[in-house]
1. Scan the stretch 319-333 for residues that are under 26 Å from ARG106 (Cβ atoms) and surrounded by fewer than 17 Cβ atoms within 10 Å (Cβ to Cβ) and jot them down.
2. Right, ASP159: within 21 Å of SER45 (Cα to Cα), of a type outside the set (Lys, Arg) and in contact with a helix residue (DSSP H, G or I) (Cβ under 8 Å, 6 or more places away or on another chain) or not?
3. Is there a residue being in contact with an Asp or Glu (Cβ under 9 Å, 6 or more places away or on another chain) and modelled with pLDDT of 80 or more anywhere in the stretch 207-214?
4. Could you please tell me which pairs satisfy a Cβ distance under 6 Å, a separation of 6+ or placement on different chains, a first residue in the stretch 27-44 that is touching a residue at least 24 places away in the same chain (Cβ under 8 Å), and a second residue that is surrounded by fewer than 20 Cβ atoms within 10 Å (Cβ to Cβ) and part of a loop (DSSP other than H, G, I, E, B)?
5. For LEU4, only one of the following conditions fails: (1) within 28 Å of the chain's Cα centre (by Cα); (2) in contact (Cβ under 8 Å) with a residue 60 or more places away in the chain. What is its number?
6. So which of LYS376, LYS312 is farther than 30 Å from GLY397 by Cα, assigned by TED's automatic domain parsing to the domain that holds ASN426 and without any contact (Cβ under 8 Å) to a residue 40 or more places away in the chain?
7. Scan the stretch 145-169 and report the pairs whose first residue is assigned by TED's automatic domain parsing to the domain that holds GLN73 and whose second residue is in a strand (DSSP E or B) and of a type in the set (Asp, Glu), with Cβ atoms within less than 8 Å and a gap of 6+ or a chain change.
8. Are any residues in the stretch 171-211 among the basic types (Lys, Arg) and touching a residue at least 12 places away in the same chain (Cβ under 8 Å), and if so, which ones?
Amino acid sequence: MEPLCFELENVEVTYLDKEIVKIDRLAVHQFDRIGIVGKNGAGKSTLLKLLAGIIQPSKGNVNIHAESGYFEQVEAPVDRETDPALLGKLATAQHSEWRSGGEQTRLKMAQLFTHYHEALLMDEPTTHLDQAGIEFVLDQLRYYYGALVLISHDRAVLDELVTTIWEVHEGTVRVYAGNYSAYMEQKQLEREQQSQAHEQFLKEKSRLEKAAQEKMKKAEKVAQAGRMSKKEANAKPDKSFMTKSKGSSQKSVQRAAKAIESRLENLEEVEALQEERQIVFRQSKALELHNKFPIMADRFTLQIESNVLLDKVSFQFPLGKKIAITGANGSGKSTLLHHIANNREGLTISPKAKIGYFQQMSYQFTTDKTVLEHVKSVSDYDEGFLRSVLHSMQFVGTDIQKKVTSLSGGEAIRLQLCQLFLGEYNILLLDEPTNFLDIQAIEALEQFITGYKGTILFVTHDRAFIKNVADINYHIFEKKMESNVISNEHDME
């Protein structure tokens, strides 16, 4: 076995009496490549910080046997030693008056890879990166000589890099062999096994209930026969032995019935598989668009001050299609969505277009409504459907009674997405909607997009997301736009 890098034994982390993480034992060896997945708030980052020694457990031991490099999404220190060659590959500068999220990530990545570490602990390293930046990270990590523990919502990255999945659920960790796709296959097998076990449980429960009822009926018949024999015994004393025989038989049947009831009570219940309600967003007749191409441009130039982002491009975005806009950071993707949202000069947009617009970091709510009250106020869907939509985006139990002003950033983003798909729109513009979502929320968003009747334009660098939902990819490169119909083998870049 390879040398041990990290070991967690009987570890518990609690905060304000709430259990965040509880682990009997986990180990990381020298060449392990582990991906950590789970819902936001499940304890993924806490687990990584335990390994890094940044936080200490409330109980138990974390044994660290390797020097590690730790990556998280915080501002990079400018005075840390950084390899200039890596800065050049990542097209970023050590010193700059202002950095975008992508540039911050690139600088931190260059700082991390400047020195060799025996282990790398990485928390969402590809957030904000374009495809070139993601490919750089993959190139650095594919043949990395050490232990890698990675939190990521990018399924393609997990498939490429890891050979083990740690699933964090309500503070506990389950270990699965293989990459993310193998993990999903195992989860599907678990669901099928649970469904079969539930069916078997229902059959056995029904059989035992029927057997118990039959035994009780038989006991009642024996009792009735016993009462009849008693009357006969009073008239004819020489047949009293029959009463004793009937009584013994009755007790025997009753004991058998009670034994069956006991088995029924001790039958281990298997919960039914929770099937998600299919979500299809209807569209009213009043919102129907009849233009085959509701958004068009002819020799359109997109310019910010003196910086030309798109130079005399022409495009026709088809009605009802799901359209991915891709390209390098700074190529003009978000700016293009902003111009469409505001119907700027040079664009031809259907006069009946009702545009809903998701922008990064635009999730502040000022109303005093609860989550459920808020979506009711922006939609005329029935409450059952609204609850299904909210549940898909992880608003479960009492979450729907939270005040919208008290939501965390991640919760607010998920609520804003729900609001857009439930609203009175026929075109949606989504600017990097997956950046701060966990994988479960991304998959829910994919269901939303698939079940939406209108036209959607979205900007993303998530290859799996594009593959799963896009009909067409418009790629911005050298101030031009190229369109490609999406297929499973299509290369987005």
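1. Filtering the stretch 319-333 for residues under 26 Å from ARG106 (Cβ atoms) gives 324-333.
Answer for the stretch 319-333, where residues must be under 26 Å from ARG106 (Cβ atoms) and surrounded by fewer than 17 Cβ atoms within 10 Å (Cβ to Cβ): just GLY330.
2. Numbers: within 21 Å of SER45 (Cα to Cα): yes; of a type outside the set (Lys, Arg): yes; in contact with a helix residue (DSSP H, G or I) (Cβ under 8 Å, 6 or more places away or on another chain): yes.
In short, yes.
3. no
4. Once the first residue is touching a residue at least 24 places away in the same chain (Cβ under 8 Å) and sits in the stretch 27-44, its partners that are surrounded by fewer than 20 Cβ atoms within 10 Å (Cβ to Cβ) and part of a loop (DSSP other than H, G, I, E, B) give HIS29/GLU2; GLN30/GLU2; GLN30/PRO3; PHE31/GLU2; ARG33/THR163; GLY43/GLY171.
5. Only one criterion in (1) within 28 Å of the chain's Cα centre (by Cα); (2) in contact (Cβ under 8 Å) with a residue 60 or more places away in the chain is unmet by LEU4, namely (1).
6. Numbers: LYS376 fails: farther than 30 Å from GLY397 by Cα.
Answer to the selection: LYS312.
7. Between residues of the stretch 145-169 that are assigned by TED's automatic domain parsing to the domain that holds GLN73 and residues that are in a strand (DSSP E or B) and of a type in the set (Asp, Glu), the close pairs are ILE151/ASP123.
8. The first filter runs over the stretch 171-211 and keeps only residues among the basic types (Lys, Arg), leaving 174, 187, 191, 203, 205, 207, 210.
Across the stretch 171-211, the qualifying residues are ARG191, LYS205.
The values are calculated or read from the model by the stated rules, or taken from the named source; none is laboratory data. If you're wondering where the values come from, they're calculated on a predicted model, not measured in any experiment. Quick reminder, even Gly has a Cβ in these numbers, built from the backbone with ideal geometry, and neighbours come from all protein chains shown.
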